[in-house]
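Participant: Here's a structure for you.
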Amino acid sequence: MTVCARYARSDEETEEMVDDAFIRVFTKIDQFNISLPFRPWLHTILIRSALNYLKKYQEQLLIVNLTAAQEYAINDDMLAQISAKEIINLIRRLPPSFRATFNLYVVEGYQHSEIAEALHISESTSRSNLLIARRKLKELLLLNNKIRI
């Protein structure tokens, strides 16, 4: 649930993503290599199910080119001042493409080339989406009076 919750806008979307993932697990269990750990295999399926859900049910992913993005000074320590649940709720408020890019890069540790391939975007768009996601999170934090600058 936690993996999918980072990509979803609501608990209902999270449940849909998890349901889709478990259907895939049960239908593809014969492809699982028993000599490898199960958890990473399941984690990959959860991420792919979340991304497939976003592609399938979002009318339009908002993708912005790198040239449209501006540099903003982001203090990464800001997130340390609020709870994990508050962070997830703020991430859920991001547009789908920014939310997906942010999660894949920051949480999952994917490289921009991997994100570009997974989301069918360019690497520069991945970088741009991450930059804008961080800026929007900062704005949301400021609006919610969670931090002081």
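No lab work stands behind these numbers, since they all come straight from the coordinates. The structure presented is a predicted model; accordingly, all values stated were derived computationally and were not measured. Positions of Cβ are generated from backbone atoms using ideal geometry, with glycine treated the same way; all protein chains shown enter the neighbour counts.
Participant: If you add up the charges near Cys4, with Lys and Arg at +1 and Asp and Glu at -1, over every other residue whose beta carbon is less than 13 angstrom from its beta carbon, what do you get?
Facilitator: Numbers: positive: Arg6, Arg9, Arg24, Arg48, Arg92, Arg99; negative: Asp11, Glu12, Glu13, Glu15, Glu16, Asp19, Asp20, Glu108.
Neighbour charge sum, excluding Cys4 itself: -2.
Participant: Given 0.36 nm per residue, what is the gain on full extension from Tyr57 to Ile29 after removing their alpha carbon distance, in nm?
Facilitator: Working: separation 28, 0.36 × 28 = 10.08 nm, distance 2.57 nm.
Net length gain for the segment: 7.5 nm.
Participant: In a shell of Cβ-Cβ distance under 14 Å around Asp20, excluding Asp20 itself, what net charge do Lys and Arg (+1) and Asp and Glu (-1) give?
Facilitator: Details: positive: Arg24, Lys28, Arg48, Lys55, Lys56; negative: Glu12, Glu13, Glu15, Glu16, Asp19.
That sum, taken over residues with Cβ under 14 Å, equals 0.
Participant: Right, something else. What FRET efficiency comes out for the pair Leu140/Phe38, r = Cβ-Cβ distance, R0 = 35 Å, nearest 0.05?
Facilitator: 0.45
Participant: Highest mean first, how do 91-99, 36-44, 126-134 rank when packing is the count of other Cβ atoms within 10 Å averaged over residues? Kindly include the intermediate steps, with their values, before the conclusion.
Facilitator: Values: 91-99: 20.9, 36-44: 11.8, 126-134: 22.4.
The peptides rank, most packed first, as 126-134, 91-99, 36-44.
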